[in-house]
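None of the figures in this text is laboratory data; all of them are computed from the coordinates on show. The structure presented is a predicted model; accordingly, all values stated were derived computationally and were not measured. Don't worry about glycine lacking a Cβ; one is built from the backbone with ideal geometry, like all the others, and counts go over all protein chains shown.
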Amino acid sequence: MKTARIKNSSQHYQIGKIVCVGRNYAEHAKELGNEIPEKPVLFLKPPSAVIYSGEEVTHPAFSNDLHHEVELVLFVGEDIKNASRDEAENAIMGYGVGLDMTLRDVQQQLKKKGYPWTLAKCFDTSAVISDFILKQHHQLNLNEKIELKVNEEVRQSDTLSSMILKPAELVEYISSVMKLEKGDLIFTGTPSGVSKVNKGDKLKASLGELVNIICTIN
């Protein structure tokens, strides 16, 4: 059982489903040659893919192109379905930073065949998460910087204001197509700058000074 941990607390909650949003930063969509979608692109990761700061990302043997994608992660604190914008905002209990590790070569092969991205997105250790800071302790203003360094070199850096759809908008939309339950996580998309990582690389992801992740590629 994987749990979401609350920063500076002994509290933790069982993780339900992990809903991921693709192409929510315009520059990232452009760098991969994708159109900006009219509606959010959604896919899922299993809770079994979760690891935490300090653990290792395992590089699958069936890929030669493992990429990092740093993302704001929302922790859903109540069950909601067909939520209004206000209800969606109220359902967000906390915020974290995550890494949506992606097998880019596998993803491209699957896309060409019109197949789902499952093999590229759902392998073990593909969802790295930080502790979560409760909304009551920090309310996002979207000026927060989200950043990813590889071996101390900045690869991704942007502010949350660059998201096409903001957190409450995403929760509102997702709840219109599937029920969201307490303990669900939402990966909200990645800014531009995604790139290949190799075995031995050290990754550091951060959401301002709020939360961070440190992990290595094995």
Hey, how many Å between the Cα centroid of region 26-94 and the Cα centroid of region 113-168? 7 Å
Cβ-Cβ FRET estimate between LYS81 and THR159, R0 fixed at 30 Å, reported to 0.05: 0.45
Convex hull volume per residue for the chain, taking Cα atoms only, in Å³: 113 Å³
Arrange MET163, MET93, MET101 by Cβ neighbour counts within 10 Å, fewest through most, would you? MET93, MET163, MET101
Along Cα→Cβ, 7 Å out, is where each label goes; now give me the distance between the ones at LYS113 and GLU209 in nm to one decimal. 5.0 nm
Return the Rg/Rh value of region 127-218, two decimal places, where both radii are evaluated on C-alpha atoms and Rh is the Kirkwood radius. 0.98
Springs between alpha-carbon pairs under 10 angstrom, Gaussian network model over the chain: which of GLY98, GLY208, GLY193 fluctuates most? GLY208
List the lysines whose Cα sits under 25 Å from the Cα of LYS182, skipping any in the same chain fewer than 8 residues away. LYS2, LYS7, LYS17, LYS39, LYS45, LYS81, LYS121, LYS135, LYS166
Counting other beta carbons within 10 Å of each Cβ, put VAL106, VAL150, VAL70 in order, fewest first. VAL150, VAL106, VAL70
Hey, how much of the P(r) for region 79-120 falls beyond 12 Å, as a percent of Cα pairs? 70 percent
Most fluctuating of THR188, THR125, THR58 in the GNM of the chain (C-alpha, under 10 Å) is THR58
Simple spin-label estimate for GLU38/TYR173, 7 Å along Cα→Cβ, in nm, reads 1.3 nm
